[in-house]
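Heads up: the structure comes next, in structure tokens.
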Amino acid sequence: MDFFDVVIVGSGPAGMGAAFEIIKGKPNLRILMIDQEPFSTGGMRNDCKMNFTYPIGFPEEYWEKQEADRALNQVIDYLKPTILPKANIEIYSKRAERLGCSLVDISQAHLGTDGGLVLIKRLLAELNALGVTLSLGEKMLSVDDTRRFIVTDKRDIGYETLLIAPGRKGFHFLQMMLQSLGVPFVDNIVDIGLRIETRFEHYPIVGDYYDPKFYFPEKVRTFCTNSGNAHVVKERYVTSRGDVWYSVNGHAYSADTHESNGLVNFAILKTVRFTAPLASGQAFAENLGLQAALMGGNKPLMQRVGDFRLGSRSKENSFNSDLFDFPPTLKDCCPGDISLAMPAKILRAIWKAMKNLDTIVPGVLHPSTIMYYPEIKLYANKPVYLDRNFRVTDRVFLAGDGAGTSRGITAAWASGIRAARGMVERIG
Ligand SMILES: Cc1cc2nc3c(=O)[nH]c(=O)nc-3n(C[C@H](O)[C@H](O)[C@H](O)COP(=O)(O)OP(=O)(O)OC[C@H]3O[C@@H](n4cnc5c(N)ncnc54)[C@H](O)[C@@H]3O)c2cc1C
């Protein structure tokens, strides 16, 4: 059996952050990083906008400002971001405050989907040069922590310490691993909402602030704004029962390489926290996804704001660019009635937030604006950690979005750093 001092599962920012930190502390360890894909599949590969201000991306139950700021300084050393300029923030902030909302001023960088790939390649090459063994296209299947080895689709691999950082897409996989390791966990928090697509003229704030983070009452916020050459996409998810559903998402290409298509998209999400007797917020979110897929003939739903306001479903002819200003960038989507698919409490809070947003940035509720549903964020596994380094058994650590220790690229990297410190200590 192959053996490594450190095995890292997942080459996303959490896995990479851990690998670089371990090498810094113990350059002679034998480190293996595997990923089931040729390149990490998360945000570094999709849009790659990076936030460098606490608490964006940092779940506050695990992160205090001082610790996050310290880690962010390290993240900056590796990611070398070019921070985007911002303008006119006070105007929008004042308008928001008058309505009981807020605009958070964040340091941001944006590489775009193409720029993200360049970054991933650079970081992997650096890890390789530092002696890390990379095995891309290798999938972890199970773990035997008593005998300290993992089983992949290619071989068995022994470890001294193991980091599992499989991201949001690895949410179910991580739950299976937690069950097999006997680690208790809850997943009671989910983010559910819409993706909005509109013309740049109807949301011009993005010219001043690339990804403006607005917070509204009832735990609603804007999230992941894309502009320039911006597109709405759908992501395929499979439930534990094998049913398929879709969540929408958005990304943009780098401004250096792609001409603007004049469109903007962003998510508007409500955080929902479940209490007893519901066992799994995730299962609830999946059922919403399945409901939307049922209504949309196995596609997400889309509706023009003009139709929504009239209480009518959108139809095929609501989406021609002649009458309605611009065609949707997500073609494989079904015109429909979002209010039939979305729980009333969530829809009401989000619509209220959108009306506030339209007062702060007038125009966003133009009749042509498209609302896509569902956008659901699956990152709420909350395992019981044994220490501050996200250790779950004697030798197994977790990090990143799948493990609930982060909600974004920079925080995922930071959580990898924290796990790495624990791993190095464990090896001694
Ligand atoms: C479409 C999209 C766009 C996003 N855009 C942004 C953005 O612009 N800015 C931002 O800050 N955040 C963004 N995010 C969130 C961001 O991706 C995450 O916060 C971040 O990537 C989490 O890092 P991670 O290392 O935990 O997981 P990931 O980056 O998801 O990496 C996990 C890796 O583990 C691998 N893996 C999973 N299971 C296994 C297994 N069984 N065996 C082997 N390998 C496995 C996956 O292939 C994946 O490459 C986006 C997410 C998505 C899905």
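Here, each number is a calculation from the coordinates, and none is a lab measurement. Quick caveat, the model's predicted, so the values are computed rather than measured. Because the Cβ atoms are built from the backbone with ideal geometry, glycine has one as well, and the counts that use them run over all protein chains shown.
For the chain, the relative contact order is 25 percent, taking Cα pairs closer than 8 Å that sit 6 or more residues apart in sequence and dividing their mean separation by the residue count.
Just so you know, the Cα atoms of segment 364-423 work out to an Rg and Dmax of 16.8, 57 Å. Each of Asp325, Asp35 was scored by other Cβ atoms within 10 Å of its Cβ. Listed from fewest to most, they are Asp325, Asp35.
Between 0 and 90 degrees, the angle of helix 65-79 with respect to the longest Cα principal axis of the chain falls at about 80 degrees.
Note on segment 121-237: dipole from Cβ charges, positive end direction compared against Val220, Val132, Asn188; the farthest Cα belongs to Val132. Ranking Tyr246, Met176, Gly306 by how far each Cα lies toward the positive end of the dipole of the chain (charges on Cβ) leaves Gly306 at the top. Neighbours of Asp332, meaning other residues whose beta-carbon lies under 15 angstrom from its beta-carbon, give a summed charge of +2 when Lys and Arg score +1 and Asp and Glu score -1. Local charge for Ser254 was computed over the other residues whose Cβ lies under 14 Å away, with Lys and Arg +1 and Asp and Glu -1, and equals -2. Evaluate segment 155-241: find the radius of gyration of its Cα atoms, find its Kirkwood radius, and give the ratio Rg to Rh. Ratio of gyration radius to Kirkwood radius: 1.10. Can you list the trypsin sites (Lys or Arg not before Pro) in segment 76-162 that are in a DSSP coil and have 11 or fewer other beta carbons within 10 angstrom? Listed in order of number, the matching sites are Arg147. In segment 106-206, Rg over Rh equals 1.09, where Rg is the alpha-carbon radius of gyration and Rh the Kirkwood radius from pairwise Cα distances.
Applying both filters, DSSP loop and at most 15 other Cβ atoms within 10 Å, to the GluC sites (Glu not before Pro) of segment 207-261 gives Glu218, Glu259. Using only alpha carbons, segment 15-56 has a radius of gyration to Kirkwood radius ratio (Rg to Rh) of 1.07.
Of the cross-linked pairs Lys219/Lys331; Lys213/Lys355; Lys86/Lys121; Lys65/Lys382, which ones have a Cα-Cα span greater than 24 Å in the structure shown? Pairs exceeding the cut-off: Lys219/Lys331; Lys86/Lys121.
Taking every alpha-carbon pair within segment 189-378, the share separated by more than 25 Å comes to 31 percent. Considering all C-alpha pairs of segment 1-88, those separated by over 23 Å amount to 36%. Estimated at 0.36 nm per residue, the fully extended path between Val118 and Leu294 surpasses their Cα-Cα distance by 59.5 nm.
For the chain, how big is the tail of P(r) above 42 Å, as a whole percent of Cα pairs? That fraction is 13 percent. Around the amide H of Thr53, modelled in the peptide plane, lie the amide H atoms of Ser107, all under 5 Å away and 5 or more residues distant in sequence or on another chain. Computed from point charges on the beta carbon alone (+1 for Lys and Arg, -1 for Asp and Glu), the dipole magnitude for segment 189-378 about its Cα centre is near 760 Debye.
Near Val75: Cβ cut-off under 11 Å, other residues only, Lys/Arg at +1 and Asp/Glu at -1. The net charge is -1. The label point for Leu84 and the one for Ala129, both projected 7 Å from the Cα toward the Cβ, are 2.9 nm apart.
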